[in-house]
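The values are calculated or read from the model by the stated rules, or taken from the named source; none is laboratory data. As the structure is a prediction and not an experimental result, all values here were calculated from the model. Methodologically, a virtual Cβ is constructed for each residue, glycine included, from the backbone with ideal geometry; neighbour enumeration extends over all protein chains shown.
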Amino acid sequence: MKVTKILVSQPKPASDKSPYFDIARKYGVNIDFKQFIKIEGVSPKEFRQQKVAILDHTAIVFTSRHAIDHFFNLCVDLRVSIPDTMKYFCVSETIALYIQKYVQYRKRKIFFGDNGKMDGLLPIMVKHKNEKYFVPLSDVHNDDICAMLNAHNLQHSEAVMYRTVSHIFEPGELDGYDMMIFFSPSGIVSLRENRPNFEQGDMKIACFGPTTAAAIKEAGLRLDLEAPTAEAPSMTMALEQYLAKTNK
């Protein structure tokens, strides 16, 4: 079946140079962008119930910009003033630079890893083994970070500071698409919450990443296109290859 209308479960790209727009022009398809999930902070009351005192720590570990936003915003709500002596450990330089949205970057002790992952940051943290680390987390997380820090005997605490929730769509807003593209298991949860009686039929479902693929299959849905692959390391490359075959 020819694909003519596609829904991408991400925000619309800020730049017109996005490959999605090139694909739309090249293959004559309509591509819409709708976020299936949104990130919101926990309330001060919910945070206090976790019985973690931020100021008992000497360093904060940031794994994403979401973590930075909700950490500093919640500190304001909690009336917690972060001292200038606080150190920040980030999984990438990009995330480290984002901190300057809230503090004067040059006046802070900020460290970052070399590969954007926790295992790239860990050697730097080990060099500062006397720090007491605090790790802001999402409600959707595994125990990998905790296990890594425990394995190296690093003092740390964790607390949920933000959560992923489903975006609620208007009736009929998700109708009429030939393909939907997902990037996280939370997107599949949102689809089910918005359309409890969803039947896939001829509609194609595509995804990026093995955890999302697993969530699609566990939901009893048919996965028609998966990325990354050796031939298509990005979702847009996989989509273009798919359309080249189906939309001849």
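Annotations for the structure displayed:
- Cβ-Cβ distances below 6 Å connect the following pairs, each with a first residue in segment 222-247 that is farther than 17 Å from Val29 by Cβ, a second residue that is of a type in the set (Val, Ile, Thr) and assigned to a helix (DSSP H, G or I), and a separation of six or more residues or different chains: Leu223/Ile216.
- If you filter segment 1-18 down to residues that are assigned to a loop (DSSP other than H, G, I, E, B) and charged (D, E, K, R), you find that the one that is farthest from Val165 (Cα to Cα) is Lys2.
- Pairs, first assigned to a helix (DSSP H, G or I) in segment 19-47, second of a type in the set (Phe, Trp, Tyr) and surrounded by 13 or more Cβ atoms within 10 Å (Cβ to Cβ), C-beta under 9 Å, six or more apart: Tyr20/Phe33
- Residues of segment 1-18 that are among the aliphatic types (A, V, I, L, M) and free of Cβ contacts under 8 Å to residues at least 12 places away in the same chain: Ala14 alone.
- Cβ-Cβ contacts under 6 Å between residues 6 or more apart (or on different chains), taken from a first residue in segment 162-177 that is on the phi < 0 side of the Ramachandran plot to a second residue that is among the small types (Gly, Ala, Ser) and surrounded by 14 or more Cβ atoms within 10 Å (Cβ to Cβ), are listed as Tyr162/Gly41; Tyr162/Ser138; Thr164/Ser186; Ser166/Ser190.
- Considering residues of segment 54-78 that are among the aromatic types (Phe, Trp, Tyr) and touching a residue at least 40 places away in the same chain (Cβ under 8 Å) only, the residue farthest from Asp114 (Cα to Cα): Phe71
- Failed condition for Val42, given (1) over 24 Å from the mean Cα position of the chain (by Cα); (2) under 23 Å from Ile168 (Cβ atoms); (3) aliphatic (A, V, I, L, M): (1)
- Test for Val126: is it farther than 15 Å from Gly113 by Cβ and β-branched (Val, Ile, Thr): no
- Any hit, segment 52-74, residues being exposed (fewer than 14 other Cβ atoms within 10 Å of the Cβ), more than 24 Å from the chain's Cα centre (by Cα), at pLDDT 95 or above and at positive phi: no
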